[in-house]
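To start, the structure under review is shown below, and the notes come after it.
The values are calculated or read from the model by the stated rules, or taken from the named source; none is laboratory data. Treat the numbers as computed from the prediction; the structure is a model and nothing was measured. Glycine gets a Cβ as well: all are built from the backbone with ideal geometry, and neighbour counts include every protein chain shown.
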Amino acid sequence: MLLREIDANPQLTQRELSSRLGLSLGKINFLIKALIEKGFIKAGNFKTSKNKIAYLYFLTPSGIEEKAKITYRFLKRKMKEYEKLGEEIQQLKKEVGFSDISAEGRENILRTE
């Protein structure tokens, strides 16, 4: 989540990130420091900012790679969940003889549940 937000909005402050992600400001600060140490993001001062402590966060090449890996693992996990759910639905249909019931009968069953 944090990498995605930083990638989409590198100008967000830690306070804004905290609010958007529903995490404490301290946790955001801790996570950003950890991501900087791992080399996934860099922080630089805004050159044109009146607030000289304002930072611009951006993903490094390794940060972009890590974001892609996280996204891939997420999609892979969700596809497995989808397939498992489909298998469970098919099994339940077999158990109740759902495929043998007419479309009208299925509608009646679903209405009574």
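Things to note:
- Among (1) over 20 Å from the mean Cα position of the chain (by Cα); (2) under 17 Å from I70 (Cβ atoms), the one test that G44 misses: (2)
- All positions within segment 8-44 that are part of a strand (DSSP E or B) and closer than 13 Å to G63 by Cα: I41, K42, A43
- Residue match in segment 74-86 (condition: over 30 Å from E5 (Cβ atoms), exposed (fewer than 10 other Cβ atoms within 10 Å of the Cβ) and at pLDDT 70 or above): no
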